[in-house]
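J.: Here you go, one structure.
The values are calculated or read from the model by the stated rules, or taken from the named source; none is laboratory data. Note that the structure is a prediction, hence the values are computed from the model and not measured. Methodologically, a virtual Cβ is constructed for each residue, glycine included, from the backbone with ideal geometry; neighbour enumeration extends over all protein chains shown. Protein only, heavy atoms only, side chains kept; ligands, DNA and RNA dropped before computing areas. Shrake-Rupley method; radii C 1.70, N 1.55, O 1.52, S 1.80 Å.
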Amino acid sequence: AAARPVRLFFALWPDAATVRALAAWSAQAQATCGGRAMRAETLHLTLAFLGQVPAELVEPLIRLTLQRPFAPGTLRLDRYGVFPRQRIVWAGPGDGAPALAAEVAALWRDLGALGDLRPDHPFRPHVTLLRNADTAAPPPPSPPALDWHYERCVLVQSAQDGQSRYIVKAASR
Ligand code: 2AM
(Lines give C-alpha, C1' and ligand atoms only; values in the text may rest on other atoms or scores of the structure.)
Protein backbone atom coordinates (compact mmCIF):
# COMPACT_ATOMS: atom_id res chain seq x y z
CA ALA A 1 0.00 0.00 0.00
CA ALA A 2 1.19 3.54 -0.68
CA ALA A 3 2.54 5.33 2.40
CA ARG A 4 0.41 8.14 3.74
CA PRO A 5 1.31 11.78 3.15
CA VAL A 6 3.36 13.44 5.88
CA ARG A 7 2.78 16.91 7.33
CA LEU A 8 6.08 18.80 7.15
CA PHE A 9 7.49 22.23 7.70
CA PHE A 10 10.87 23.96 7.94
CA ALA A 11 11.59 25.92 11.11
CA LEU A 12 14.13 27.54 13.36
CA TRP A 13 14.28 25.68 16.66
CA PRO A 14 15.38 27.82 19.63
CA ASP A 15 18.40 27.02 21.81
CA ALA A 16 17.82 26.56 25.56
CA ALA A 17 18.48 30.19 26.50
CA THR A 18 16.10 31.41 23.80
CA VAL A 19 13.45 28.94 24.97
CA ARG A 20 13.72 30.34 28.51
CA ALA A 21 13.36 33.89 27.26
CA LEU A 22 10.41 32.94 25.05
CA ALA A 23 8.75 31.18 28.01
CA ALA A 24 8.99 34.45 29.95
CA TRP A 25 7.45 36.31 26.98
CA SER A 26 4.70 33.71 26.92
CA ALA A 27 3.92 33.98 30.65
CA GLN A 28 3.81 37.77 30.48
CA ALA A 29 1.41 37.72 27.53
CA GLN A 30 -0.76 35.06 29.12
CA ALA A 31 -1.31 37.26 32.20
CA THR A 32 -3.17 39.70 29.92
CA CYS A 33 -4.45 37.56 27.06
CA GLY A 34 -5.12 34.20 28.74
CA GLY A 35 -5.24 31.26 26.37
CA ARG A 36 -3.13 28.14 26.27
CA ALA A 37 0.65 28.49 26.36
CA MET A 38 2.63 26.47 23.84
CA ARG A 39 4.78 23.93 25.69
CA ALA A 40 8.41 25.07 25.93
CA GLU A 41 9.67 22.14 23.85
CA THR A 42 7.33 23.04 21.00
CA LEU A 43 8.27 26.72 20.61
CA HIS A 44 9.65 27.43 17.11
CA LEU A 45 9.56 29.80 14.17
CA THR A 46 8.14 28.36 10.96
CA LEU A 47 10.16 29.21 7.85
CA ALA A 48 8.21 27.26 5.24
CA PHE A 49 5.04 25.27 5.76
CA LEU A 50 4.74 22.41 3.28
CA GLY A 51 1.50 20.85 4.51
CA GLN A 52 0.76 17.25 3.54
CA VAL A 53 3.62 16.03 1.38
CA PRO A 54 3.64 12.72 -0.56
CA ALA A 55 5.71 10.13 1.32
CA GLU A 56 8.06 9.75 -1.68
CA LEU A 57 9.24 13.32 -1.14
CA VAL A 58 10.40 12.82 2.46
CA GLU A 59 13.82 11.35 1.59
CA PRO A 60 14.58 13.99 -1.09
CA LEU A 61 13.55 16.69 1.40
CA ILE A 62 15.87 15.26 4.06
CA ARG A 63 18.75 15.21 1.53
CA LEU A 64 17.97 18.77 0.47
CA THR A 65 18.00 19.94 4.09
CA LEU A 66 21.37 18.28 4.73
CA GLN A 67 22.99 19.51 1.51
CA ARG A 68 21.80 23.02 0.79
CA PRO A 69 23.52 25.98 2.47
CA PHE A 70 21.64 27.88 5.14
CA ALA A 71 23.15 31.13 6.42
CA PRO A 72 23.14 31.57 10.22
CA GLY A 73 22.04 34.92 11.56
CA THR A 74 20.46 36.86 14.38
CA LEU A 75 16.77 37.47 14.72
CA ARG A 76 15.65 40.30 16.99
CA LEU A 77 12.29 39.52 18.57
CA ASP A 78 10.98 42.77 19.94
CA ARG A 79 7.21 42.75 19.76
CA TYR A 80 4.07 40.84 20.50
CA GLY A 81 1.50 40.43 17.78
CA VAL A 82 -1.84 38.72 17.37
CA PHE A 83 -3.62 36.75 14.68
CA PRO A 84 -7.18 37.52 15.76
CA ARG A 85 -8.87 34.96 13.50
CA GLN A 86 -6.70 32.12 14.83
CA ARG A 87 -6.74 33.62 18.37
CA ILE A 88 -2.94 33.39 18.45
CA VAL A 89 -0.55 35.67 20.35
CA TRP A 90 3.01 35.59 19.03
CA ALA A 91 6.48 37.08 19.40
CA GLY A 92 8.08 38.49 16.30
CA PRO A 93 10.63 40.83 14.74
CA GLY A 94 9.42 44.41 14.24
CA ASP A 95 11.69 44.74 11.20
CA GLY A 96 10.28 41.68 9.37
CA ALA A 97 13.69 39.95 9.52
CA PRO A 98 14.87 40.72 5.96
CA ALA A 99 17.94 38.43 6.07
CA LEU A 100 15.81 35.53 7.21
CA ALA A 101 13.13 36.36 4.63
CA ALA A 102 15.82 36.13 1.92
CA GLU A 103 16.83 32.68 3.22
CA VAL A 104 13.20 31.62 3.12
CA ALA A 105 12.83 32.81 -0.48
CA ALA A 106 15.94 30.82 -1.45
CA LEU A 107 14.56 27.77 0.35
CA TRP A 108 11.28 27.97 -1.60
CA ARG A 109 13.20 28.19 -4.88
CA ASP A 110 14.94 24.91 -4.03
CA LEU A 111 11.67 23.34 -2.87
CA GLY A 112 9.94 24.34 -6.10
CA ALA A 113 12.69 22.60 -8.07
CA LEU A 114 12.17 19.43 -6.02
CA GLY A 115 8.43 19.09 -6.42
CA ASP A 116 5.09 20.83 -6.50
CA LEU A 117 5.88 22.90 -3.42
CA ARG A 118 5.11 26.59 -2.97
CA PRO A 119 4.06 28.95 -0.19
CA ASP A 120 0.34 29.51 0.31
CA HIS A 121 0.93 32.95 1.79
CA PRO A 122 3.76 35.42 2.35
CA PHE A 123 6.34 34.79 5.08
CA ARG A 124 5.22 36.28 8.40
CA PRO A 125 7.97 35.53 10.90
CA HIS A 126 6.46 34.76 14.31
CA VAL A 127 6.76 32.40 17.25
CA THR A 128 3.33 31.29 18.41
CA LEU A 129 3.17 31.68 22.19
CA LEU A 130 -0.55 31.37 23.06
CA ARG A 131 -3.50 29.68 21.40
CA ASN A 132 -7.19 30.27 22.13
CA ALA A 133 -6.15 33.64 23.51
CA ASP A 134 -8.27 36.73 24.03
CA THR A 135 -6.98 38.78 21.12
CA ALA A 136 -9.63 41.51 21.33
CA ALA A 137 -7.46 43.58 23.68
CA PRO A 138 -3.90 44.47 22.71
CA PRO A 139 -1.16 42.36 24.29
CA PRO A 140 0.97 43.98 27.01
CA PRO A 141 4.20 45.84 26.28
CA SER A 142 6.87 43.31 25.37
CA PRO A 143 9.87 42.41 27.52
CA PRO A 144 13.24 43.77 26.32
CA ALA A 145 14.23 42.66 22.82
CA LEU A 146 15.46 39.12 22.50
CA ASP A 147 18.35 38.38 20.11
CA TRP A 148 18.07 34.85 18.83
CA HIS A 149 21.26 33.61 17.18
CA TYR A 150 20.20 30.83 14.87
CA GLU A 151 22.54 28.39 13.17
CA ARG A 152 20.38 25.86 11.40
CA CYS A 153 17.08 25.30 9.81
CA VAL A 154 15.34 22.02 10.56
CA LEU A 155 12.85 19.91 8.67
CA VAL A 156 10.07 18.91 11.06
CA GLN A 157 7.24 16.44 10.88
CA SER A 158 4.06 17.41 12.68
CA ALA A 159 2.37 14.27 13.98
CA GLN A 160 -1.13 15.22 14.99
CA ASP A 161 -2.25 12.67 17.52
CA GLY A 162 -4.23 14.75 20.00
CA GLN A 163 -1.72 17.47 20.92
CA SER A 164 0.74 18.23 18.16
CA ARG A 165 4.03 16.40 18.35
CA TYR A 166 7.03 17.60 16.40
CA ILE A 167 9.70 15.24 15.09
CA VAL A 168 12.90 16.74 13.68
CA LYS A 169 13.76 14.81 10.49
CA ALA A 170 16.92 16.67 9.46
CA ALA A 171 18.96 19.80 10.18
CA SER A 172 21.08 21.98 7.92
CA ARG A 173 24.84 21.91 8.58
P1 2AM B 1 1.14 28.81 13.73
O2 2AM B 1 1.97 28.55 14.93
O3 2AM B 1 1.01 30.27 13.41
O4 2AM B 1 -0.20 28.11 13.79
C5 2AM B 1 3.17 23.65 12.54
O6 2AM B 1 1.79 23.59 12.41
C7 2AM B 1 3.67 25.03 12.20
O8 2AM B 1 3.27 25.37 10.87
C9 2AM B 1 3.17 26.13 13.09
O10 2AM B 1 4.22 27.04 13.32
C11 2AM B 1 2.07 26.79 12.29
O12 2AM B 1 1.94 28.18 12.48
C13 2AM B 1 2.56 26.57 10.89
N14 2AM B 1 1.47 26.52 9.94
C15 2AM B 1 0.37 25.77 9.98
N16 2AM B 1 -0.39 25.95 8.88
C17 2AM B 1 0.26 26.86 8.12
C18 2AM B 1 0.00 27.47 6.86
N19 2AM B 1 -1.08 27.16 6.13
N20 2AM B 1 0.89 28.36 6.41
C21 2AM B 1 1.99 28.66 7.11
N22 2AM B 1 2.29 28.12 8.29
C23 2AM B 1 1.45 27.23 8.79
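J.: Expressed as an acute angle from 0 to 90° and rounded to the nearest 10, what is the orientation of the C-alpha long axis of helix 16-33 relative to the principal long axis of the chain?
T.: For helix 16-33, the angle is close to 50 degrees.
J.: Shifting gears a bit: Over the chain, with a Gaussian network built from C-alpha contacts below 10 Å, which listed residue (T65, T128, T74) shows the highest mean-square fluctuation?
T.: T74
J.: For labels at A2 and R36 in the simple 7 Å Cα→Cβ model, what's the distance in nm?
T.: 3.2 nm
J.: Let me ask another. Using alpha-carbon pairs under 8 Å, 6+ residues apart, how would you state the relative contact order of the chain in percent?
T.: Reported relative contact order: 36 percent.
J.: Using the Kirkwood radius over Cα pairs, work out the Stokes-Einstein diffusion coefficient for the stretch 35-172 at 37 °C and 0.692 mPa s, in µm²/s as a whole number.
T.: Rounded, D is 201 µm²/s.
J.: Tally Lys and Arg at +1 and Asp and Glu at -1 over the other residues with C-beta under 13 Å from the C-beta of L111: what net charge comes out?
T.: With Lys, Arg at +1 and Asp, Glu at -1, the neighbours total 0.
J.: How far apart, in nanometres, would the label points at R63 and A105 be if each is projected 7 angstrom from Cα along the Cα-to-Cβ direction?
T.: Computed distance between label sites R63 and A105 equals 2.8 nm.
J.: Stretched out fully, how many nm does the piece from R85 to D161 gain, at 0.36 nm a residue minus the Cα gap?
T.: Stretched fully, the R85-D161 segment lengthens by 25.0 nm.
J.: Taking the chain as the reference, fit the longest principal axis to its C-alpha atoms, fit the long axis of helix 98-114 to the helix C-alpha atoms, and give the angle between the two in degrees, 0 to 90, nearest 10.
T.: 30 degrees
J.: Work from the charge dipole of the chain (Cβ charges, +1 for Lys and Arg, -1 for Asp and Glu, about the Cα centre) and give the residue of L100, Y80, V53 farthest towards its positive end.
T.: Among L100, Y80, V53, the one farthest towards the positive end of the dipole of the chain is V53.
J.: Measure nothing fancy, just the Cα-based angle from helix 58-67's long axis to the longest principal axis of the chain, in degrees from 0 to 90, nearest 10.
T.: 80 degrees
J.: If you roll a 1.4 angstrom probe over the protein chains with everything in place, what fraction of the accessible area of the chain belongs to carbon and sulfur, to the nearest %?
T.: 53 percent
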